[in-house]
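For reference, the structure discussed in these notes is given below.
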Amino acid sequence: MPELPARSSLVCHAAAASVPLPNSDSAPQPNVLLAKIRGIMFFAWSFLLSLPLFVTMMVIAPFVLAFDKYRRLAQHFVNNLWACASTAPFYRVTIIGRENLPPPDKPVVYVANHQSFLDIYSLFHLQRPFKFISKTSNFLIPIIGWSMFLTGHVMINRVDRRSQLKCLQQCRDLLAEGAPVLFFPEGTRSLDCKMAGFKKGAFSVAAKAGVEVVPITLLGTGFLMPSGKESQLRPGQVTIVVHKALPPNKNADQLCDAARVAIASSLPPELVGSATEMAPDEQ
């Protein structure tokens, strides 16, 4: 079991980041109209940014496929630029434990809790060229989804067993070629910000590939843009806690348990659900 940061220290960081707990009496009630206006402005700004950047990705795509088929660092750089520029006018991202991040060229499995549509935007602030797993329908979204395809992110249909197996094999292939991958082991976004049980796919991939697992805790994204309320963007900030990497382990169950303990260690107790209560599959 890895050495984990003290819970009291991490809860203090969460409090300093002004991350209110859902359904808490002390949490300020957001103005829905203002949140919707901010949401419209955020998505409009993000889409406008994506247009010239997507053209750039299209122009460089043949060269990326010819010389960097798996990692696609140039495309990922554009992703990072887009995500950071999209969020900068609307919320601040604070990273705790940046020293725990492995080198950008090291193949590892990143795992994080999943609260919000903003999770991926926020995780790009880590400046690591990971490939993340997303449902197939997201790749059909004009510009944004096409950019995901060009960057080499991984499609999955979560209710199709063959798609799941193909996804896991693709992730193992990416790791073998030196590309890190990112999983949300809950499988889908939490409606109440409470962390659900972890599915074993990410940890099976890490165990078979013999790579480290890097647990990451996201705080605040579920308050800023709750799952199911993507039209709203509330004011606030996001904190990302990067935990020490778990060493390679052939036992996927042990990796899963250790990663969940690490991620839960920086969540308020109210946001840690049962390890056996799984989120429903989403197509």
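Bear in mind these aren't lab numbers, they're just calculated from the coordinates by the rules spelled out. Bear in mind that the values here come from a model prediction, so they are computed numbers and not experimental data. Glycine also receives a Cβ, built like all others from the backbone with ideal geometry; neighbour counts cover every protein chain displayed.
A Förster distance of 35 Å, applied to the separation of the beta-carbon atoms of Ser163 and Ala88, puts the FRET efficiency at 0.50.
Using the Cα gyration tensor of the stretch 131-171, with a ≥ b ≥ c the square roots of its eigenvalues, what is the shape: rounded (a/c below 1.5), prolate (a/b larger than b/c) or oblate (neither)? Oblate, since a/c reaches 1.5 and b/c is not below a/b. For the set Lys194/Lys229; Lys208/Lys229; Lys36/Lys244; Lys69/Lys199; Lys106/Lys250, the pairs lying more than 26 angstrom apart at their alpha carbons are Lys208/Lys229; Lys36/Lys244; Lys69/Lys199. Sorted from greatest to least, the principal axis extents spanned by the alpha carbons of the stretch 78-136 come out as 31, 31, 24 Å.
Sorting the Cα pairs of the stretch 54-209 by distance into bins of 10 Å, from 0 upward, gives 10, 39, 40, 11, 0 percent per bin.
Can you give me the C-alpha center-to-center distance between the stretch 186-202 and the stretch 223-283, rounded to a whole angstrom? That distance is 7 Å.
The calculated pair-distance distribution of the chain uses every alpha carbon pair, bins of 5 angstrom beginning at 0, and gives 1, 6, 12, 17, 20, 18, 14, 8, 3, 1, 0, 0 percent.
Close amide-amide hydrogen proximity is noted between Phe132 and Val154, Leu182, each under 5 Å apart and 5 or more residues distant or on a separate chain (H modeled in the peptide plane; Pro and chain starts excluded). Ranked by the mean number of other Cβ atoms within 10 Å of their residues, highest first, the peptides 40-47, 179-186 fall in the order 179-186, 40-47.
When Rg and Dmax are taken over the Cα atoms of the stretch 120-194, they come to 12.7, 37 Å. Counting only Cβ charges, +1 for Lys and Arg and -1 for Asp and Glu, the dipole size of the chain around its Cα centre is about 400 debye.
Remark: the Cα gyration tensor places the stretch 133-283 in the oblate category, a/c being 1.5 or greater and a/b not exceeding b/c.
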